[in-house]
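The values are calculated or read from the model by the stated rules, or taken from the named source; none is laboratory data. It should be emphasised that the depicted structure is a prediction, and the values quoted were computed from it without experimental measurement. Glycine also receives a Cβ, built like all others from the backbone with ideal geometry; neighbour counts cover every protein chain displayed. Surface accessibility is based on the protein's heavy atoms, side chains included, excluding ligands, DNA and RNA. Shrake-Rupley method; radii C 1.70, N 1.55, O 1.52, S 1.80 Å.
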Amino acid sequence: AQKVTQAQTEISVVEKEDVTLDCVYETRDTTYYLFWYKQPPSGELVFLIRRNSFDEQNEISGRYSWNFQKSTSSFNFTITASQVVDSAVYFCALSEAVKNSGGYNKLIFGAGTRLAVHP
Amino acid sequence: SQTIHQWPATLVQPVGSPLSLECTVEGTSNPNLYWYRQAAGRGLQLLFYSIGIDQISSEVPQNLSASRPQDRQFILSSKKLLLSDSGFYLCAWSDRGNSPLHFGNGTRLTVT
């Protein structure tokens, strides 16, 4: 069965430090998608990135970067020069095809990593 | 652009009372719709998903039900709330396939 593991429950850093959030997944699908979401204290989930299984190219967006490695089934997220506004819970998710659903895919979320950035 | 509205933002209800949470999506048609629950300090649990009007699938047996009376309206209900129904409820929509989910602002439900 599909599974997403975020082993780090909580991380605490001081502003301007770099921090990496780990995500390891399990799937039998050959085609799949991985996602990262941010949940700030206000509660809503904000979509950050989607990556498909055929694209192992790392991606950078400002201070955010993602390292996808199929060989280790990992999709890690790094924040460079962290800021207080980065404090949030971050979720990694894996899409799972639902049989006999007419093409519906559901997301399997990890348990989340709570990041606290202190000034 | 697409927007998703979820209400109310907070709700305090006594045990045994009914529940109705509503979610509507604008700016898209025939979306997939979802209800997730997040217990305090925990991850996201998928409760229901819907790929069309009156097409609802339940992920876990529970005290809750969902309905989709219109294409862009998704309702989460309960006839009698339990203490264990307390949590943060999130509605979400997506396009077909492996599109990202877009979440509403959530409803914080406290059952007393």
Does A:Gly43 satisfy being without any contact (Cβ under 8 Å) to a residue 40 or more places away in the chain, surrounded by fewer than 16 Cβ atoms within 10 Å (Cβ to Cβ) and at positive phi?
no
Scanning for something of a type in the set (A, V, I, L, M, F, W, C), open to solvent by less than 20 Å² (accessible area, probe 1.4 Å) and in contact (Cβ under 8 Å) with a residue 60 or more places away in the chain, does segment A:46-64 turn up at least one residue?
no
Set A:Asp22, A:Asp18: member being modelled with pLDDT of 95 or more and open to solvent by 80 Å² or more (accessible area, probe 1.4 Å)
A:Asp18
Scan segment B:8-63 for residues that are aromatic (Phe, Trp, Tyr) and over 24 Å from A:Pro41 (Cα atoms) and jot them down.
B:Phe48, B:Tyr49
Just to be sure before I move on: is B:Ser67 modelled with pLDDT of 90 or more and hydroxyl-bearing (Ser, Thr, Tyr) in the structure I sent?
yes
If a residue counts only when it is of a type in the set (Val, Ile, Thr), which strands (runs of 3 or more DSSP E) contained entirely in segment B:1-96 have at least 1 such residues?
B:3-7, B:10-13, B:19-26, B:44-52, B:55-58, B:73-78
I'm checking my understanding of the structure. Among residues of segment B:66-112 that are under 10 Å from the mean Cα position of the chain (by Cα), more than 13 Å from chain A (Cβ to nearest Cβ) and under 22 Å from A:Lys99 (Cα atoms), which one is surrounded by the fewest Cβ atoms within 10 Å (Cβ to Cβ)?
B:Ser67
